[in-house]
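Below is one structure, written out as structure tokens, with a few remarks after it.
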Amino acid sequence: MGTPLAPLLPSTFALGFVRCGANARERGPGDKRADFRDFTFANLVRLFGRQNPRFFAGSGVAAAAEAVLREAVASARAAAE
């Protein structure tokens, strides 16, 4: 598989994708559900959440978004070491 696509969408449009993608559960590397979740949810959470960590607070995907952001921070710290 090639380089994963990371969409750049306006926040109001992106939230629809985020809600849909949050329901997809990761099953393993190369799995289409994991790719769909990354494309529709995780990439957008990282895009908006890194700029404003409270962007998803109070939304229906707040807990899932927080988990993605925690994972992104942990990955960044591990790469820096």
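The values are calculated or read from the model by the stated rules, or taken from the named source; none is laboratory data. These figures come from a predicted structure and were not determined experimentally. As a convention, Cβ positions derive from the backbone with ideal geometry for all residues, glycine included, and neighbour counts pool all protein chains shown.
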Next on the checklist: Looking at region 56-81 only, could you name the residues that are in contact (Cβ under 8 Å) with a residue 40 or more places away in the chain, closer than 16 Å to residue 43 by Cβ and assigned to a loop (DSSP other than H, G, I, E, B)?
Outcome noted: 61
Checklist outcome for this item: The one condition residue 6 fails out of (1) at pLDDT 90 or above; (2) on the phi < 0 side of the Ramachandran plot; (3) not in a helix (DSSP H, G or I) is (1)
